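K.L.:
Just passing along the structure, written as structure tokens.
The values are calculated or read from the model by the stated rules, or taken from the named source; none is laboratory data. Bear in mind that the values here come from a model prediction, so they are computed numbers and not experimental data. Cβ placement follows ideal geometry from the backbone for every residue including glycine, while neighbour counts extend to all protein chains displayed.
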Amino acid sequence: MKPTIRLVRLLMAAALAASASAPAWAIYKIVAPDGSVTFSDVPPSSTQGKKVETLNAHGAAQAAEANDLAALPAALRQAVRKYPVTLYTTPQCDACDAARDFLQQRGVPFSEKTVTTNADIQAYKAQSGGSDRLPLLTIGSTRLPPGFRSSNWATALDAAGYPKSSELPRGYVRPAPTPLAPPSAPRHDTAHKPASAPAQPPVLPPPNPNAPKGFQF
């Protein structure tokens with residue numbers, strides 16, 4: 001094999017390996033000197049005085065049934081399959097309501113997990129890295145910082161391939177919200193059940209002194 005051909009093949013193999021290991025998409029969290037935070041799907045040209053954090057994302061399993069996805073347009077179906085969106089909310093939360101409205105108006109299919117019980121709170125802290133701030137959005141395996149900011153969420157959804165405007169088919173029904181922590185099964189604890197009372201012996205009448213010997217009445 002000629003050296004030039006071998007070199008070309010090695011370069012092609014290296015490129016394929018790099019593309020396989022590279023994240024499917026990336027979001028850059030940029031913190032300016034004044035503390036303001038912005039998101040971008042393009043690396044910043046200058047990082048002077050800024051703190052830049054890269055949020056890499058990979059695909060995650062899609063729980064929706066195939067029939068549910070089949071009704072979606074191709075681009076939207078591909079985004080939902082690769083990067084399913086989950087919204088974490090709690091009742092009486094204006095920011096959660098605004099976040100839900102944002103996703104619905106953009107036409108993003110998403111599942112909603114509600115945080116209401118103590119079990120939900122514990123599960124949420126594990127999911128959010130210890131934060132108790134809501135709402136929270138996950139796109140595929142990427143967890144955006146808690147709190148709703150439409151520009152940041154829009155940038156992340158753009159990078160994941162979600163259409164900028166709704167393409168949901170007419171009649172689409174969003175799944176109902178579900179609790180974050182599954183309800184615990186009722187306990188069947190028999191350790192504290194009272195023991196059944198022992199059977200009492202029958203009460204016999206006192207002996208009859210006038211009865212014949214050998215009999216008791």
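K.L.:
Any idea which residue in segment 69-115 is nearest to residue 144 (Cα to Cα), counting only those that are hydroxyl-bearing (Ser, Thr, Tyr) and free of Cβ contacts under 8 Å to residues at least 60 places away in the same chain?
P.N.:
Here is the first cut: in segment 69-115, the ones hydroxyl-bearing (Ser, Thr, Tyr) are 83, 86, 88-90, 111, 114.
Next cut, free of Cβ contacts under 8 Å to residues at least 60 places away in the same chain only: 86, 90.
On the way: 86: 11, 90: 17 Å.
Result: 86.
K.L.:
Spot the failing condition for residue 99; the list is (1) at pLDDT 95 or above; (2) surrounded by fewer than 19 Cβ atoms within 10 Å (Cβ to Cβ), and only one is missed.
P.N.:
Exception for residue 99: condition (2).
K.L.:
Right, another one. Could you tell me which residue of segment 104-124 is surrounded by the most Cβ atoms within 10 Å (Cβ to Cβ), considering only residues that are over 18 Å from residue 76 (Cα atoms), of a type in the set (S, T, N, Q) and touching a strand residue (DSSP E or B) at 6+ places or on another chain (Cβ under 9 Å)? Full working, then the answer.
P.N.:
Step one: of segment 104-124, the residues over 18 Å from residue 76 (Cα atoms) are 112-124.
Those still in the list that are of a type in the set (S, T, N, Q) too: 114, 116-118, 122.
Now drop any that are not touching a strand residue (DSSP E or B) at 6+ places or on another chain (Cβ under 9 Å), which leaves 114, 116-117.
Working: 114: 19, 116: 13, 117: 14.
Within segment 104-124, the match that is surrounded by the most Cβ atoms within 10 Å (Cβ to Cβ) is 114.
K.L.:
Applying the selection to segment 147-167, what residues are among the polar types (S, T, N, Q) and touching a strand residue (DSSP E or B) at 6+ places or on another chain (Cβ under 6 Å)?
P.N.:
So the first thing to find is which residues in segment 147-167 are among the polar types (S, T, N, Q), and the list is 150-152, 155, 165-166.
Answer for segment 147-167, where residues must be among the polar types (S, T, N, Q) and touching a strand residue (DSSP E or B) at 6+ places or on another chain (Cβ under 6 Å): 152, 155.
K.L.:
Ok, one more. Which one of 151, 131 is surrounded by fewer than 20 Cβ atoms within 10 Å (Cβ to Cβ) and in a loop (DSSP other than H, G, I, E, B)?
P.N.:
Answer to the check: 131.
K.L.:
Residue 172 is checked against (1) among the aromatic types (Phe, Trp, Tyr); (2) part of a loop (DSSP other than H, G, I, E, B); (3) buried (at least 18 other Cβ atoms within 10 Å of the Cβ) and fails just one. What number does that condition carry?
P.N.:
(3)
K.L.:
Of all residues in segment 116-157, which are of a type in the set (S, T, N, Q) and more than 27 Å from residue 43 (Cβ to Cβ)?
P.N.:
We begin by selecting, within segment 116-157, every residue of a type in the set (S, T, N, Q); these are 116-118, 122, 127-128, 131, 138, 141-142, 150-152, 155.
Once the filter is applied, which keeps residues that are of a type in the set (S, T, N, Q) and more than 27 Å from residue 43 (Cβ to Cβ), segment 116-157 yields 116, 117, 118, 122, 127.
K.L.:
All but one of (1) farther than 15 Å from residue 177 by Cα; (2) among the β-branched types (Val, Ile, Thr); (3) not in a helix (DSSP H, G or I) hold for residue 86; state the number of the condition that does not hold.
P.N.:
(1)
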